[in-house]
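Peer 1: What follows is a single structure, and I will ask about it in a moment.
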Amino acid sequence: MFDMEMRQDMKINNLIRDVVILLDFIVLNVLFSLWFHIDGGWKQLSHSVSVFEPLFVANISMVIAQYFYSTVIHKHRSTTEQVLRQVTYLTLLQGLLSCVLSPVVSLYTGAPGPALSFTVIFTLMLYVGLLVSRFAERWAVKRYRRMGRNIRKVVFVGSDESLLPIYDFLVGDPSTGYRVTGYYADATIQDCPSGLAHIGTLAELDGRLSDRSSGNAVDELYCCLPAADMDRIRRIMRYCDNHVVHFYYIPAISRAFGHTLKPENVGGITVFTNWGEPLMVPSNRMLKRAFDIVVSAAVLLCLLPFMPFIALAIKLQSPGPVFFRQARTGLNGREFYCYKFRSMHVNKDADRVQATEHDPRKFAFGNFMRKANIDELPQFFNVLRGDMSIVGPRPHMLYHTEMYRGLIDKYMVRHFVKPGITGWAQVTGFRGETKELWQMEGRVKRDIWYIENWSIWLDIRIIFKTAMQVFVHDKNAY
């Protein structure tokens, strides 16, 4: 029964992948036809004898690009960042191959190829088209899985808290298609979620492993037992191998260290550290810095024509400077001056008291700037100077740093990276005033998650979510 269910799951996954690939080619050919038959397309291809050569090149390029960067939405654990990355690489490779293959085909056929400008514009159109198509497809797949189809069943072994982040990831979004049956352990998991059931002891698990007549209805098994129980771990692994169950081992280290350690490779040997930071890799830091410089320079150039109007509006409504400068805590706990458009009347509490919803210190235009994130724009100067990054933990006032470092465990970990204009906490509901301690704890937890899970695609996702707040104001933005 299990083998049949697993084969069915694999068939559905393969079918989803094949349908998405087919839709990619449909999008390519429809967009090519539309662009070719509008005036701009005819002009770009005015020196080309036939449409068939560039269309042939576009499709051959897509075939090759699909081989390297095909879709990942059929995978149960695919993330938004992975989908965005695959579409970006797929389109870039398709466009690059079109530029390379067009002259080759032209030499062979004797027909002039399309202008480079046509290929560039079409590649941009294709990128937008594939993004729209991919996220529509992903929505359809998620809806299909929410209906209880294309499901992967999971079981846990062990009672270590290290299993809980895995559980939260697998069931946090029902659309990923995971269903956790429960866990086998001799003790219950501390602070165990109500949805994670204790389905038996380790002795009962041993009985199921040795009973060849018992059916199996699990696709993945996550084992979190101590190394002292190595014989049982080996039996579980053999059982998984013989029954086509994917086996995953999680080191049982939460109780010993009070924290989930992260694996790193040192000389081919896996070691564990208490904080995993992708930005410790020099190439990642260089990529993030290059991204910061390019985007900040572009934003500031676009901002320059509007600065006189913003400055005039501030001056008309509140006497004082246009810019607000405040000392805040930055990378490695160092202080720096953070710049903003001034959104409040000059006051003596600016360095100690957070803004509240009906704060009398705010003036009308300043309140609008805060809701639309306009007051933060001068911080792109901080980014160019190297004090900040576009995305990262928000820098706090020195007063709050001193206060919260003694109240919240691991609070200072958020300073392992440069502070940001926006951050993961700000786009996931933890923006604005922190009236109670749990709110700051939630912000710190998300800041640390960002540090441990950084990618350039995550930065792009956060920037997009922040940009949307200009149009859909965050209720916590005041």
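The values are calculated or read from the model by the stated rules, or taken from the named source; none is laboratory data. Since the structure is predicted, the reported quantities are computational estimates derived from the model, not experimental observations. A quick note on method: Cβ atoms are made from the backbone with ideal geometry, for glycine too, and the neighbour counts reach across all protein chains shown. Note: areas computed on protein heavy atoms with side chains; ligands, DNA, RNA excluded. Shrake-Rupley method; radii C 1.70, N 1.55, O 1.52, S 1.80 Å.
Peer 1: Report yes if some residue within region 158-172 is at pLDDT 90 or above, assigned to a strand (DSSP E or B) and either open to solvent by 10 Å² or more (accessible area, probe 1.4 Å) or of a type outside the set (D, E, K, R) (or both); otherwise report no.
Peer 2: Among the residues of region 158-172, not one is at pLDDT 90 or above, assigned to a strand (DSSP E or B) and either open to solvent by 10 Å² or more (accessible area, probe 1.4 Å) or of a type outside the set (D, E, K, R) (or both), which makes the answer no.
Peer 1: Given the criteria at pLDDT 90 or above, open to solvent by 40 Å² or more (accessible area, probe 1.4 Å) and aromatic (Phe, Trp, Tyr), does Phe381 qualify?
Peer 2: So Phe381 fits the description; yes.
Peer 1: Sticking with this structure for a sec: If you check Glu81 against the conditions, is it modelled with pLDDT of 85 or more and either over 30 Å from the mean Cα position of the chain (by Cα) or assigned to a helix (DSSP H, G or I) (or both)?
Peer 2: no
Peer 1: Is there a residue being part of a loop (DSSP other than H, G, I, E, B), under 15 Å from Thr329 (Cβ atoms) and over 22 Å from the mean Cα position of the chain (by Cα) anywhere in region 412-420?
Peer 2: No, region 412-420 has no match at all.
Peer 1: For region 173-196, name all the residues that are of a type in the set (Gly, Ala, Ser), loosely packed, with under 13 Cβ neighbours inside 10 Å and closer than 18 Å to Leu225 by Cα.
Peer 2: Ala187, the sole residue that qualifies.
Peer 1: Ok, one more. Among the residues of region 146-178, how many are under 15 Å from Ile12 (Cβ atoms), in contact with a strand residue (DSSP E or B) (Cβ under 9 Å, 6 or more places away or on another chain) and not small (Gly, Ala, Ser)?
Peer 2: Residues in region 146-178 being under 15 Å from Ile12 (Cβ atoms), in contact with a strand residue (DSSP E or B) (Cβ under 9 Å, 6 or more places away or on another chain) and not small (Gly, Ala, Ser): 5 in total.
Peer 1: Take Asp387 and tell me if it is in a loop (DSSP other than H, G, I, E, B), buried (at least 21 other Cβ atoms within 10 Å of the Cβ) and either at pLDDT 90 or above or not polar (S, T, N, Q) (or both).
Peer 2: It is true that Asp387 is in a loop (DSSP other than H, G, I, E, B), buried (at least 21 other Cβ atoms within 10 Å of the Cβ) and either at pLDDT 90 or above or not polar (S, T, N, Q) (or both).
Peer 1: Sort out which residues of region 155-190 are among the aliphatic types (A, V, I, L, M) and farther than 20 Å from Gln82 by Cβ, and write them in order of number.
Peer 2: Scanning region 155-190 gives Val155, Val157, Leu163, Leu164, Val180, Ala185, Ala187, Ile189.
Peer 1: Among the residues that make up region 104-123, is at least one of them buried (at least 18 other Cβ atoms within 10 Å of the Cβ), more than 21 Å from the chain's Cα centre (by Cα) and modelled with pLDDT of 85 or more?
Peer 2: Yes; the residues of region 104-123 include at least one that is buried (at least 18 other Cβ atoms within 10 Å of the Cβ), more than 21 Å from the chain's Cα centre (by Cα) and modelled with pLDDT of 85 or more.
Peer 1: Can you confirm whether Pro305 is open to solvent by 70 Å² or more (accessible area, probe 1.4 Å), more than 29 Å from the chain's Cα centre (by Cα) and without any contact (Cβ under 8 Å) to a residue 24 or more places away in the chain?
Peer 2: Yes, satisfied.
Peer 1: Give me the pairs: first residue in region 376-396 and under 21 Å from Trp457 (Cα atoms) and hydrophobic (A, V, I, L, M, F, W, C), second residue open to solvent by 10 Å² or more (accessible area, probe 1.4 Å) and in a loop (DSSP other than H, G, I, E, B), beta-carbon distance under 9 Å, and six or more apart or on different chains, which are they?
Peer 2: Hits for this filter: Val383/Lys418; Met388/Lys418; Val391/Trp424; Val391/Trp454.
Peer 1: Within region 462-474, does at least one residue satisfy the condition of being crowded, with 16+ Cβ neighbours inside 10 Å, touching a Phe, Trp or Tyr at 6+ places or on another chain (Cβ under 9 Å) and at pLDDT 90 or above?
Peer 2: Yes; the residues of region 462-474 include at least one that is crowded, with 16+ Cβ neighbours inside 10 Å, touching a Phe, Trp or Tyr at 6+ places or on another chain (Cβ under 9 Å) and at pLDDT 90 or above.
Peer 1: Next question, about the same structure. Of everything in region 194-227, what is small (Gly, Ala, Ser), at pLDDT 85 or above and assigned to a helix (DSSP H, G or I)? Give them in sequence order.
Peer 2: Scanning region 194-227 gives a single hit, Ala203.
Peer 1: State whether one or more residues within region 290-298 are farther than 21 Å from Asp447 by Cα, open to solvent by 60 Å² or more (accessible area, probe 1.4 Å) and not aliphatic (A, V, I, L, M).
Peer 2: no
Peer 1: Shifting gears a bit: Go through (1) touching a strand residue (DSSP E or B) at 6+ places or on another chain (Cβ under 9 Å); (2) loosely packed, with under 13 Cβ neighbours inside 10 Å; (3) at pLDDT 90 or above and name the single condition Met286 misses.
Peer 2: Met286 satisfies every listed condition except (1).
Peer 1: For region 398-457, give me each residue that is without any contact (Cβ under 8 Å) to a residue 12 or more places away in the chain and hydrophobic (A, V, I, L, M, F, W, C).
Peer 2: Across region 398-457, the qualifying residues are Met403, Trp438.
Peer 1: May I ask you to list the residues in region 314-368 that are open to solvent by less than 50 Å² (accessible area, probe 1.4 Å), within 19 Å of Thr401 (Cα to Cα), outside any loop (DSSP other than H, G, I, E, B) and polar (S, T, N, Q)?
Peer 2: Within region 314-368, Gln326, Thr329 meet the criteria.
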